[in-house]
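Single-structure report; data block below.
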Amino acid sequence: MLSAEDIRHGFGGRDVLRGVSLRLAPGEVLGIGGASGAGKSTLGRILAGRTRPEGGRVRWQGAGLPGRGPCPVQHAPQSPDTATDPRWPVAKILANGGPPDAGAVAALGIRADWSRRLPGELSGGELARVSLARMIRPETRVLICDEITAQLDALAARDLWQALLPLARARGMALIVISHDAGLRRALAARDTVLTDGRLCPA
Ligand SMILES: Nc1ncnc2c1ncn2[C@@H]1O[C@H](COP(=O)(O)OP(=O)(O)OP(=O)(O)O)[C@@H](O)[C@H]1O
């Protein structure tokens, strides 16, 4: 479904990704770990078509990622507070880029009475759910979860995964769990990998 072949990318002449290849099946949960600065977020953005790699290619169902319309691969960023406009109420955040996905909004426990609140008026866990719901549309087939619970306490993190996993399973939506936390990756992902020296290796 989603594949990457020999992805290479760097910044300022420094190679970060040195030939990353992967394949992801529908509904699969894949873990990606690696040291800080290893290139996990860079890879996530490339897989979602947000960053054009210097080398290699990302393929979606055998072709390039669609250039128009909603992308089936979405990258959920690690810091919802910097990814959401602090002046926008929840309803506007959810409607940005298309009508909100009512099923995802309900499954993530987003309450109607949050709709007029600003991001600063939500708890960290609530904001993480809103930020995630923006990325889940009916067309989303792969969700790249980039340290989405790293800033939450253990209980809020557990609640978020317990909401997200059944939603993903019900939709056959694949997840890529990017996390420093090997225990979390092992608990969630059937297949776990680590980004080391610019390459993806089995964990
Ligand atoms: N836009 C950019 N311009 C310059 N350097 C960048 C840019 N984006 C990322 N980098 C550098 O590329 C390297 C990989 O960054 P990336 O954010 O992908 O790592 P990461 O594995 O996700 O790290 P962390 O676990 O700390 O979030 C880092 O050294 C980072 O400083």
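Of all residues in the stretch 5-33, those that are within 11 Å of the ligand (Cβ to nearest atom) and under 16 Å from the mean Cα position of the chain (by Cα) total 2. Only one of the listed residues (140, 193) is surrounded by 19 or more Cβ atoms within 10 Å (Cβ to Cβ), more than 17 Å from residue 76 (Cα to Cα) and under 17 Å from the mean Cα position of the chain (by Cα). That residue is 193. Could you grab me the full set of residues in the stretch 1-41 that are under 26 Å from residue 139 (Cβ atoms), assigned to a strand (DSSP E or B) and not hydrophobic (A, V, I, L, M, F, W, C)? Scanning the stretch 1-41 gives 3, 5, 9, 21, 23, 31. Considering (1) over 18 Å from residue 109 (Cβ atoms); (2) surrounded by 19 or more Cβ atoms within 10 Å (Cβ to Cβ); (3) touching a Ser or Thr at 6+ places or on another chain (Cβ under 8 Å); (4) of a type in the set (A, V, I, L, M, F, W, C), the lone condition that residue 173 does not fulfil carries the number (1). In summary, residue 116 fulfils each of the numbered conditions (1) open to solvent by less than 60 Å² (accessible area, probe 1.4 Å); (2) more than 16 Å from the ligand (Cβ to nearest atom) with the single exception of condition (1). From the list 64, 12, 97, the lone residue that is open to solvent by 30 Å² or more (accessible area, probe 1.4 Å), out of contact with any helix residue (DSSP H, G or I) (no Cβ under 9 Å at 6 or more places or on another chain), of a type in the set (Gly, Ala, Ser) and closer than 30 Å to residue 170 by Cβ is 64.
The values are calculated or read from the model by the stated rules, or taken from the named source; none is laboratory data. Quick caveat: nothing in here was measured; it's all calculated off a predicted structure. Positions of Cβ are generated from backbone atoms using ideal geometry, with glycine treated the same way; all protein chains shown enter the neighbour counts. Heavy atoms of the whole protein, side chains included, go into the accessibility calculation; ligands, DNA and RNA do not. Shrake-Rupley method; radii C 1.70, N 1.55, O 1.52, S 1.80 Å.
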